[in-house]
Amino acid sequence: PDQAPLEKVAIFDEAQRAWTQEKTAKFMKERNVFSWEMSEPEFLISAMDRHDDWAVIICLIGGGQEIHTGEAGLPAWFDALKNRFPHWKVYVSRQISDEEYTHGLELEKFFNGLNYYPERDLHLAVSLRSFRSEQVSDFVKSLLDNDLPRAQNLYSQLKYKYPIVMTRSLEKARNWIYSKARGTERYGLIASSGAKRLRQFGIWVQSTIQAKNWFLNNKEDVRSSYFLEDTATEFDIQGLEIDWSLVAWDADYRMENGSFKPYNFSGSKWKMVRNQDAQLYLKNTYRVLLTRARQGFVIFIPEGSDTDFTRQHSFYDGIYQYLKEVGITELS
């Protein structure tokens with residue numbers, strides 16, 4: 001339809017995850033709509049732009065949350081505005097200057113040619129995902145940004161009220177979780193969807209979980225998260241929380257020569273990820289995994305085995321040494 005919608009206000013949650021033109025065109029083609037030429041942001045704005053008097057679009061943005069192929073990020077909204085809707089008024093927080101939002105582009109390039117108005121109060125400065133510490137998100141960001149001094153400082157501030165520990169023993173990780181959780185506090189095992197070489201530990205990310213069983217069933221149900229057997233990936237747990245998490249870290253995001261390197265396990269070997277969008281998605285995958293716990297988490301980093309060329313010690317030792325340098329407590 002080409003008439004104006006009944007609604008005058010649209011709220012887009014997780015707006016950074018809106019689809020690119022290519023992804024939207026693929027979706028529409030599957031529904032027998034061909035020759036689609038708009039991204040998801042462009043289409044939404046075009047629908048609201050049909051109003052003759054006024055309309056409002058509220059975009060709720062979470063930095064570093066794009067994990068699916070085809071998620072366009074914040075630049076797509078500004079591209080749509082500049083290319084087709086420069087008459088719209090744009091109210092924006094200046095706090096979106098971080099690379100998590102801009103994908104490395106200069107902020108001023110977003111605003112060129114637009115009627116934009118900075119609004120300080122549009123930035124929600126405190127993350128309430130964890131009631132124990134508002135610094136967890138900042139810590140995880142600095143950790144993944146390889147900002148060692150800031151990560152060390154933040155960890156020293158939050159470790160007593162929000163425990164974060166690591167181990168190279170899955171059994172020790174499980175026992176730590178058991179010792180921390182009280183009553184019906186929910187805990188679970190989570191890992192990257194690309195963590196395909198953790199299978200020998202019973203961590204099989206290609207086995208699909210049933211979310212309702214994993215998140216809701218009780219301690220007597222082997223399908224529930226409480227058993228620490230079925231593994232939830234970033235796709236299962238994004239946007240949700242548990243009280244305590246066991247994060248299994250595989251060699252898909254490893255530390256080499258002082259920086260993180262993204263890999264994909266294909267066939268029988270690891271291959272470095274070259275595509276920039278895919279690199280970002282993998283970084284964001286670990287951002288999601290490390291921010292799911294409300295009360296604390298343990299990181300499991302395998303020892304590796306030089307008899308298995310897909311799980312060499314060097315693939316995991318860099319991660320372990322980096323986390324140790326940050327100061328993360330290792331379970332004895």
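The values are calculated or read from the model by the stated rules, or taken from the named source; none is laboratory data. No experiment lies behind these values; they were computed from the predicted model shown. Every residue, glycine among them, receives a Cβ derived from its backbone with ideal geometry; neighbour counts consider all protein chains shown.
Structure summary
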{"quantity": "Unique residue being modelled with pLDDT of 95 or more, farther than 25 Å from GLU325 by Cβ, buried (at least 16 other Cβ atoms within 10 Å of the Cβ) and not aromatic (Phe, Trp, Tyr) when the list is LEU143, LEU189, LEU170, LEU216", "calculated": "LEU189"}
{"quantity": "Subset of the stretch 151-196 [in contact with a helix residue (DSSP H, G or I) (Cβ under 8 Å, 6 or more places away or on another chain) and of a type in the set (Ser, Thr, Tyr)]", "calculated": "TYR155, TYR162, THR167, TYR187, SER192, SER193"}
{"quantity": "Meets criteria (assigned by TED's automatic domain parsing to the domain that holds SER142, surrounded by 20 or more Cβ atoms within 10 Å (Cβ to Cβ) and assigned to a loop (DSSP other than H, G, I, E, B)) for VAL205", "calculated": "yes"}
{"quantity": "Tally of residues being under 21 Å from ASP49 (Cα atoms) and either touching a residue at least 40 places away in the same chain (Cβ under 8 Å) or in contact with a helix residue (DSSP H, G or I) (Cβ under 6 Å, 6 or more places away or on another chain) (or both) across the stretch 22-37", "calculated": "2"}
{"quantity": "Helices (runs of 4 or more DSSP H) wholly inside the stretch 38-103 that include at least 3 residues being over 25 Å from the mean Cα position of the chain (by Cα), modelled with pLDDT of 95 or more and not aromatic (Phe, Trp, Tyr)", "calculated": "40-48"}
{"quantity": "Residue that is surrounded by the most Cβ atoms within 10 Å (Cβ to Cβ), among those in the stretch 234-261 that are part of a loop (DSSP other than H, G, I, E, B) and at pLDDT 95 or above", "calculated": "ASP250"}
{"quantity": "Residue within the stretch 315-322 that is in a loop (DSSP other than H, G, I, E, B), crowded, with 17+ Cβ neighbours inside 10 Å, within 21 Å of the chain's Cα centre (by Cα) and of a type in the set (Val, Ile, Thr) present", "calculated": "no"}
{"quantity": "Restricting the stretch 1-34 to residues that are surrounded by 11 or more Cβ atoms within 10 Å (Cβ to Cβ) and aromatic (Phe, Trp, Tyr), the residue that is farthest from the chain's Cα centre (by Cα)", "calculated": "PHE27"}
{"quantity": "Residue in the stretch 284-299 that is modelled with pLDDT under 90 and either assigned by TED's automatic domain parsing to the domain that holds ALA181 or not hydrophobic (A, V, I, L, M, F, W, C) (or both) present", "calculated": "yes"}
{"quantity": "Residue in the stretch 14-37 that is among the hydrophobic types (A, V, I, L, M, F, W, C) and in contact with a Gly (Cβ under 6 Å, 6 or more places away or on another chain) present", "calculated": "yes"}
{"quantity": "Residues satisfying the stated conditions in the stretch 262-304, i.e. of a type in the set (Ser, Thr, Tyr), more than 16 Å from the chain's Cα centre (by Cα) and surrounded by 14 or more Cβ atoms within 10 Å (Cβ to Cβ)", "calculated": "TYR263"}
{"quantity": "Selection status of LEU228, at pLDDT 95 or above and either charged (D, E, K, R) or loosely packed, with under 15 Cβ neighbours inside 10 Å (or both)", "calculated": "no"}
{"quantity": "Candidate set: the stretch 110-140, residues that are under 23 Å from the mean Cα position of the chain (by Cα) and of a type in the set (Ser, Thr, Tyr); chosen: the one modelled with the lowest pLDDT", "calculated": "SER130"}
{"quantity": "Tally of residues being in a loop (DSSP other than H, G, I, E, B) and in contact with a Lys or Arg (Cβ under 9 Å, 6 or more places away or on another chain) across the stretch 208-223", "calculated": "3"}
